[in-house]
Structure formats: structure tokens, C-alpha cells
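This report refers to the structure that appears directly beneath it.
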Amino acid sequence: VQLQASGGGLVQPGGSLRLSCAAPGSIFSIAVMAWYRQAPGKQRELVAAQTRGGITNYADSAKGRFTISRDNAKNTVYPQMNSLKPEDTAVYYCNAALGASVYWGQGTQVTVSS
């Protein structure tokens with residue numbers, strides 16, 4: 001199963017960025033879709049997740065700034081990231097969880113710097 005992640009880049013503090021992750025329809029329609037991130041020297045951590053029913057879960061650091069959404073027609077999940085801070089700099093990974101099966105996309109680098 002391939003998850004196609006894109007949208008990373010360099011952004012100034014206070015700026016916004018939207019990542020995207022496309023999954024096969026057979027997975028997307030029933031999986032919990034999520035984004036994780038891993039900063040240098042740190043463990044990978046959950047940023048945001050959304051069930052197929054729309055229930056969301058956010059890391060405390062993301063609450064109020066990040067919004068995760070799903071486009072069911074495109075089998076794509078988006079985190080809209082606003083008010084970005086230097087501490088948001090990390091490699092961001094798309095994740096799909098379906099029962100005991102977990103799938104990862106390739107990472108996409110997000111760098112927040114002036």
C-alpha cells in the first residue's frame with residue numbers, strides 16, 4: 001500500500017502550509033488517517049488524526065493551529081498548518097491505520113525559519 005505525501009517546504013514563522021496525502025480508496029475509506037512528525041533527535045509523534053467518521057485528535061502543540069480534513073472524493077487527507085513556529089520543523093509522515101495494519105507514506109520536510 002502506497003501513501004503519497006506532498007506539500008512540505010520552507011516557510012517563515014507565522015506562515016501557513018498545507019500537506020496532502022493520497023491513499024488507495026480501499027484503505028482511505030475505512031482507515032484512520034493521521035500525520036506524524038519527527039524532529040532531529042526526537043521521537044516520532046502524532047500531530048493530528050481523523051477517523052472516517054470525522055472524529056479528530058490533535059497533539060496539544062497542534063491544537064488551535066492545525067486542522068486535519070479528508071476529501072473522500074480524492075482519497076486525500078490534508079493537514080492545514082497555520083501560525084507555524086520554528087519548533088514545528090520536522091519531517092512529516094502520513095499514516096493510515098486499519099485494524100492491526102499500519103501504513104506509512106514517505107516523509108516530507110517542513111522547515112520553519114526566517
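Laid out as a table, the results:
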read-out	value
Test set (1) small (Gly, Ala, Ser); (2) more than 20 Å from Ser6 (Cβ to Cβ); (3) open to solvent by less than 30 Å² (accessible area, probe 1.4 Å) - Gly41 fails condition number	(3)
Residue match in segment 8-21 (condition: open to solvent by less than 60 Å² (accessible area, probe 1.4 Å), on the phi > 0 side of the Ramachandran plot and out of contact with any Gly (no Cβ under 6 Å at 6 or more places or on another chain))	yes
Residues located in segment 79-105, provided they are modelled with pLDDT of 95 or more, over 19 Å from Pro40 (Cα atoms) and exposed (fewer than 14 other Cβ atoms within 10 Å of the Cβ)	Asn82, Ser83
Conditions (1) open to solvent by 30 Å² or more (accessible area, probe 1.4 Å); (2) among the β-branched types (Val, Ile, Thr); (3) closer than 16 Å to Ala34 by Cα; number of the one not met by Thr108	(1)
Qualifying residues in segment 58-78 (those that are closer than 17 Å to Cys21 by Cβ, surrounded by 14 or more Cβ atoms within 10 Å (Cβ to Cβ) and of a type outside the set (A, V, I, L, M)) - the one farthest from the chain's Cα centre (by Cα)	Asn75
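The values are calculated or read from the model by the stated rules, or taken from the named source; none is laboratory data. The model shown is predicted, which means the values in this text are computed figures rather than measured ones. Here the Cβ is made from the backbone with ideal geometry for all residues, glycine too, and neighbour counts use every protein chain on show. Surface areas here come from the heavy atoms of the whole protein model, side chains and all, with no ligands, DNA or RNA. Shrake-Rupley method; radii C 1.70, N 1.55, O 1.52, S 1.80 Å.
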